Every structure is written in structure tokens, then in C-alpha cells.
Amino acid sequence: MRTEKNRLRVAVLLAAALSLPGIAQAEDPPYKVVDGNKVDTRTLDGWRTWRALACERCHGPQQQGMVGPSLIDALKRLSREEFNKTVLEGRPEKGMPNFNGSEQVTKNLDGLYGFLKGRSDGAIKPGRLEELKE
Amino acid sequence: MSGISTQIKLPIALALACLPGLALANADVAKLTKDPNNWAMQAGDFANQRYSELKQINKDNVKNLRPAWTFSTGVLRGHEGGPLVIGNTLYVHSPFPNKVFSIDLETQKINWKYEPKQDPSVIPVMCCDTVNRGVAYAEGKIFLQQADTNLVALDAKTGKELWKVKNGDPKAGGTNTNAPHVFKDKVFTGISGGEFGVRGYIAAYNISDGKLAWKGYSMGPDSEMLMDPDKTMTWTDGKMAPVGKDSSLKTWQGDQWKIGGGTTWGWYSYDPALNLMYYGSGNPSTWNPTQRPGDNKWSMTLWARDVDTGKVAWVYQMTPHDEWDYDGVNEVILADIDVKGKKTPALVHFDRNGFGYTLNRKTGELLVAEKFDPKVNWATHVDMKTGRPKVDPKFATSKHTAADRGPDINSKGICPAALGTKDQQPAAFNPKNGKFYVPTNHVCMDYEPFKVEYTAGQPYVGATLSMYPAPGSHGGMGNFIVWNAGTGKIEQTKAEKFSVWSGPVVTAGGIACYGTLEGHFKCVDADNINKELYKFKTPSGIIGNVATWSHKGKQYMGVLSGIGGWAGIGMAAGLEKDTDGLGAVGGYRDLKNYTELGGVMTVFSLP
């Protein structure tokens, strides 16, 4: 019985590891953060992009969601491809603009993803960010 | 004029001079608004007074009020504005997709419904709420100002589209939320998009065919603003003086005026005797003031324009070089009142910046400018000689005002917050006592500007805000007040848990009725507003304005509920930093304990 159970656990873990690319990413998150508010340059530019495009007007100052959905939740669900598509092409019928017309967004898409992923993971704290001196 | 001799010409000219309005096309609206059985304009009349002579419902019997019927618009999102009633028919609108319903008051049956097809890509540009503030009526036509900037005239009998004209460019961030207004033979509209770098304007279209009659911008060359440098006047050193050449261009760096904001999405008023229309222009773009040195004229300005030509009679800028988004679009109420002991043809305006202004509406002279919330702190006072606010550098956000302020510096504890001591929710005037009944916000903020670059059609905001209930007060986010515009004094205050985001109606029955964000429809004693005489919980939070009318001898009151708009959204921002302790009273989170989305009109009457 006991062995059976262990075997099952291993199988579940293996299956999870194989089917969830997120686990691989967890080892190598798309952002660097220290003390919750010091981040790498790319992530800092991502936060600046978030701020400049006034994303908080819909998604809330803490990304918690208001008229727009919570990005804390959404970034746990969305694949990187889905994230890119949503930001660049928008979901106009739901009120999400297409930001492919903004150079700041197209240039800093990786950083924006990193910033939001960090918020979603709870690793980056809400509010103002600073540059991480490496 | 050939064929008419000078002998007859003179008497005709005299007759026209004596009867302004009456001899012209739109005597219709003037007549309809004089009959208190109708509610023929969004504010009930040309003067924006929101007052009704009806008194069947009065302070003695209002306690017996009860819902008579209700109507769902089938739309979520914020329901601002209110219904119109003309004779046997009620017209009511919805937020995007901007449906219009004609309802038979006898049977409450829908006569017709109009639902425009609009490009959904306009929704995000309206971020974050898709409100609409109602329709206008004149001469058998209903006018709808759609979100996508199309202004449409419908046959009031059938709902059939009669004409349609495009008023702006959503691709460049221009949208519409305002109600159209009919004065004389024209329908007036403005534009939204101050957060997208849209340059504001007022446009007048002929009600007959939708042809553009004139268009006057808020900023730019004199010719585009329809200003005459020698004849357009403004308050200068304690008296009225001509604005002079390039009065706007001189106050902007380079071409910045082209994306300068000053949008025009408020309520307009009209004085038939003076042939002038009045409104306020909004905030300059961007919200980062360091980026746009100068007074940024004529953003944040009260305007008086000739209705026929658009020519500017006078202007008064309330907040030069705005540093707080104190968007000056709020309504201008026209009333003849005692100002410092003198009967005055006045206009009264409760600005977002927290000052209540009284001007002579004929000349544009500044008479009174006082705080209508004692917590207002960004300016100590308005200098009555220069007409300029004395800014407290502690609460500045611009490098040009205080050397220690500017981009990436957080200025804290500024009152009021960007949504103002009052936003678009219109106030009412009670001619019985000469006082104003004002729905207000009691909210302060931290404001951190940052540098932004302009891209057409993309947000051009440039500041991060954190809002919270006014510290050191009753903990609530709103007040309902009675204001004496002759002395500039608050005479009564009724504290409210949330911002009062609903335009009241005051009646000859001695009551003032308004809605709250929790969803209560309330009637209070007009003599003592702390005496709550009636309260009913509607299906959702109220950001709509109250209307009253009478049908077959019975008086009704109606209001839209349906939470949303900046009231809903703005409150959310109030919780940014639960830790900073300034006002963690629960704000928006608390609002969720009272209400959910959903548009319903509730109509009340006595049993």
C-alpha cells in the first residue's frame, strides 16, 4: 500500500513537471528582484511601461483588478504567447486596448511580462520600484 | 433683404430684439421646459438649475413615497445622466452600446428601441468606463451623442435615424460621454479624451440637418478658438480687459497646444436674454505638469460664447498650469441671486479644484471664489484681483511651481483628489431660498507625476495617484451641502459614507432628492438637509441624476442606478496603500458590500 502511494506521488510529480512549463520557468523567473522592490533594468522598464500606459486605470494600482481583470490571477494562467497576443492585439470587445501602436510597449514587452509575473508570484511588491545594483 | 423697405425692416429688428429665442426655430424646448409636467432637458431647463415647481410630493408626504415601476436597461457599467419626459413619453439611454428607449408612460411599454452599431475598439479608449449622460429633445427629434463620437438625430415618434454626423476621431483618442444640448436651432456637443492628448472643442450642429454651424477650440490660434483679441474679455487686475493677441499660444511651449487637452464633456447652459452659452473646459494634457510649462490657456476655463456664432464673449481661467487634474468641465448654473447684497445676473460653478465660483454672467467679472469643502488645501485662496489661486508649494507637483517638486516625486496629502471636490455630478438651485444643493466628494490624494511621450491613440496620462477619504474628518468620502453663492459660505453639511455622485433635484415641495453610491435614493428636507425624509435601496449604486415629472395629474421621480464611472473606479484607487494609514476606511472594498453592477431605472410616486 505504502509503496503504491509513493509510486503514485512520483508519477503525479513527473506528469506535472512534464506538462507544466511553468515549473521550468520557476527555476529561472523572467525577472530579478531583491527586497521586493529592487529589480533588474529590464523589469524596471517593464514597470515604467505599465505606469506610462496607465494600465492601473483598469487593472488596479496593485494589479488586483478593477474594471479589468486581476493580473495577479491572469499571469498564473496565461501562457507567454497568450500574454503577448492580449497586450499587442487587445481584447477590444472587453475593453482591453491593442498596444501594438505603442513603441514603449513593443520595446519593453519582456520587461512588462517579467514585472507582472513577479507581481503575480508575489516576489515583487506593489508600489514604486528601484534599480537593482548588480 | 431686397424687397423689404427700411421702414418695415426696423420694426422687425425691434421685435426680434425684444423676443430673443421666441421668434427663432427652437421655441419648442423653451416652451416644454416651462411646463413642469415635463422634464425636457437633462437639467430640466436651460439654466442648469435642476429645480421643479411640482409639489404634489412634498416634505410632509414624501415619507409615503414608493417605487411605482422599474425598468432594466440590460446594460452593466456606469449609468450617468437621467431620463427625459415629454408629454406621454419617457426617453432613457444606456452606457455603451448607447441604447435609447422610448417608453409609453401610460402602459410602460417600449414604443421603440434604438441600438447603434459601434466599433467596439472605442471601449478601451474610454477607459475605464463607458458612461453616457443622456439624450436631448427638440422639435420631434431625439439627439444621441454616441461613444464613437457620432451625433445622431432620431425621429422621436419612431426611433428612425434622421441624420448622423461624426464629431471626433476615436483613433486619436476622441470619444464622447456628454449629453448633447439643444439651444435655439442648434445642438451642441463637446469631446472627451484629455488623457489621450485630444484638443477640446465645442461644436454646434444645425438640428435640422446636422450640418456643422461652428466649432470653437479650447486652445490654439485665436481664429480656431473663435476669439477676438480686442473684444473677448477676461478678468485682469480687478477688472475686465481684452484677452489680446495669441492669448493661448503664448502660454504653451512650442506646439504642445495641439495635444493640449481642455476637453468639454460637461453640462452646458444658455441664457436666452444674453444669447450666450456657458461651459467649462478640462485639464491640460499630460498630467505631468513639468512637461508643459506655462498657464496652458484656455484649459481649466469658464467660457461664454455667442450661441449663433460661437464668438467668445469672455473667459476666466480657474486653474492656470494645472498640477492635479482639476478638470474644469463641471456645469455652470445660471441664477439671479444676491451677491454681497446686490441683485446679480450670476453664474455659479463648483469646480473640481474645490472652489465655488460666482461670476457676473453678463460681463464675466469675478465676484466670489471660496472653498466649498474646508479640507481643500492645494491653494490657500483665490486672489480676487488677479483671479489666480495662491498655490501652497507643499502641495505642488510641478517643478515650475516648486523647485523640490517634479517627475518621480510623490506629493502627498493633496485635497481634493483628482476627482475633485465635485466631479460632473451636477448641483441644483433652489429659487425659493436662493441656495445651491451640491453633491460633493471628500477625498484627498498623493500625486506622483512622471515623464510620458505622446503617441496618437495611446494614453497620455503621466501621473500615478493614490486617493483616500479626507484625513481628519468624518471618515466618509462625500458630503451633501447647501451653499450660499452670494457669500461663498457652506450653510449646511450632510456627511455621506461615499462620494455623492448623483445630481439632485430640488422641488417646490420643499425637498431635495439624490442618490448614493450604496444605491439609496434619498429625499431630504430642503430647509434642513440632515433631516432624511425618505430612503429606498435601488438595485445598484446611483451615479445618475434625479428627474421629476407629472403624468395624468400624478407626480413621479425617476433615477437610474448602475454603479460605475470614475466614482466606482476612483474609489478603488483609494486602497493603494493600506499601510500608509491616511485613510484605510475600506473605500471601494466596502462599496462591494452594498452593490453590484446593473442598470435599472426606478420610478417613484405616492400611493
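The values are calculated or read from the model by the stated rules, or taken from the named source; none is laboratory data. Quick caveat: nothing in here was measured; it's all calculated off a predicted structure. Positions of Cβ are backbone-derived with ideal geometry, glycine not excepted, and every protein chain shown enters the neighbour counts. Areas reflect the complete protein model, heavy atoms only, side chains present, ligands, DNA and RNA absent. Shrake-Rupley method; radii C 1.70, N 1.55, O 1.52, S 1.80 Å.
For B:K55, the solvent-accessible surface computed with a 1.4 Å probe is close to 130 Å², ligands and nucleic acids excluded. What the Cβ-Cβ distance of B:T158 and B:F536 gives, at R0 = 35 Å and to the nearest 0.05, is a FRET efficiency of 0.50.
If you sort B:K231, B:K59 by accessible surface, 1.4 Å probe, largest first, the order is B:K231, B:K59. Each Lys and Arg adds +1 at its Cβ and each Asp and Glu adds -1 at its Cβ; summed about the Cα centre, region B:323-405 shows a dipole of about 300 debye. Within region B:124-201, how many Lys pairs sit with Cα atoms under 18 Å apart, leaving out pairs fewer than 8 places apart on the same chain? Lysine pairs meeting both conditions in region B:124-201 amount to 8. When +1 charges are put on Lys and Arg Cβ atoms and -1 charges on Asp and Glu Cβ atoms, the dipole computed for region B:395-468 relative to its Cα centre reaches about 420 debye.
Using a simple spin-label model with pseudo-atoms 7 Å out from Cα toward Cβ, B:D336 and B:A495 lie 4.1 nm apart. Per-residue shielding of B:454-466, expressed as the average number of other chain Cβ atoms within 10 Å of the residue Cβ, stands at 4. Computed packing ranks the peptides B:189-199, B:169-179, B:203-213 as B:189-199, B:169-179, B:203-213, most packed first, by mean other Cβ atoms within 10 Å. Rounded to the nearest 10 square angstrom, B:M227 shows an accessible area of 10 square angstrom against a 1.4 Å probe. In percent, rounded to a whole number, the relative contact order of chain B is 15, using alpha-carbon pairs under 8 Å and six or more apart. Using only side-chain charges placed at the Cβ, +1 for Lys and Arg and -1 for Asp and Glu, the dipole size of the protein assembly as shown relative to its Cα centre rounds to 1060 debye.
Expressed per residue, the C-alpha convex hull volume of region B:76-153 stands at 86 Å³.
Seen from A:K133, the other residues with C-beta closer than 13 Å to its C-beta sum to a net charge of -3, counting Lys and Arg as +1 and Asp and Glu as -1.
Take the alpha carbon gyration tensor of region B:295-378, find the square roots of its eigenvalues, order them as a ≥ b ≥ c, and report rounded if a/c is under 1.5; if not, report prolate when a/b exceeds b/c, else oblate. Oblate.
Taking every DSSP helix (H) stretch of at least 4 residues in chain B, weighting each as -39,500 (n - 2.57) and dividing the sum by the residue count yields a mean residue ellipticity at 222 nm of -2000 deg cm²/dmol. The residue among B:W39, B:T344, B:P426 whose Cα reaches farthest toward the positive pole of the charge dipole of the protein assembly as shown, with charges on the beta-carbon of Lys, Arg, Asp and Glu, is B:W39. If you count Lys pairs in region B:313-403 whose Cα atoms are under 25 Å apart, skipping same-chain pairs closer than 8 places in sequence, the total is 22. Taking a sphere under 10 Å around the Cβ of B:K311 and counting the other residues whose Cβ falls inside, with K and R at +1 and D and E at -1, yields a net charge of -1. Selection among B:S540, A:S120, B:Y137 by position relative to the dipole of the protein assembly as shown gives B:S540 as farthest towards the positive end (Cβ unit charges, Cα centre). Among the residues of B:234-240, the average count of other protein chain beta-carbon atoms within 10 Å of the residue beta-carbon is 0. Label positions at B:L606 and B:K250, each projected 7 Å from the Cα along the C-beta direction, are separated by 6.1 nm. Shape verdict for chain B, please, from the Cα gyration tensor: rounded (a/c under 1.5), prolate (a/b greater than b/c) or oblate. Rounded is the answer for chain B, as its axis ratio a/c remains below 1.5. Charge tally for B:V546 (other residues, Cβ to Cβ under 12 Å; Lys, Arg +1; Asp, Glu -1): +2. When the surface is traced with a 1.4 Å probe over the full set of protein chains, B:T236 keeps roughly 50 Å² accessible.
Put the Cα centre of region A:44-62 next to the Cα centre of region B:95-125 and the gap is 33 Å.
Residues B:D590, B:D423 ordered from highest to lowest accessible area at a 1.4 Å probe: B:D590, B:D423. Legend: mean number of C-beta atoms from other chains within 10 angstrom of residue C-beta atoms, peptide A:118-128, equals 1. Work out the FRET efficiency for B:K258 and B:D228 from their Cβ-Cβ distance, taking R0 = 22 Å, and round it to the nearest 0.05. It comes to 0.50. Full extension of the chain between B:K63 and B:E106 yields a length gain of 13.0 nm, computed as 0.36 nm times the residue separation minus the alpha carbon distance. Just to be sure I understand the model, the point goes 7 Å from the Cα along the line to the Cβ. What's the resulting B:D35 to B:E596 distance in nm? About 4.2 nm separates the two model spin labels.
Sorting the segments B:536-548, A:50-62 by their residues' average number of neighbouring beta-carbon atoms within 10 angstrom, most packed first, yields B:536-548, A:50-62. Quick check: Cα centre of region B:235-284 to Cα centre of region A:70-87, how many Å? Centre-to-centre distance over Cα atoms comes out at 44 Å.
Summing both sides, the accessible surface hidden between A and B at a 1.4 Å probe radius is close to 2000 Å². Note on B:E53 and A:E130: with the Förster distance fixed at 51 Å, the Cβ-Cβ geometry gives a FRET efficiency of about 0.25.
Under the rule a/c < 1.5 gives rounded, and otherwise a/b versus b/c splits prolate from oblate, where does the protein assembly as shown land using the Cα gyration tensor? Prolate.
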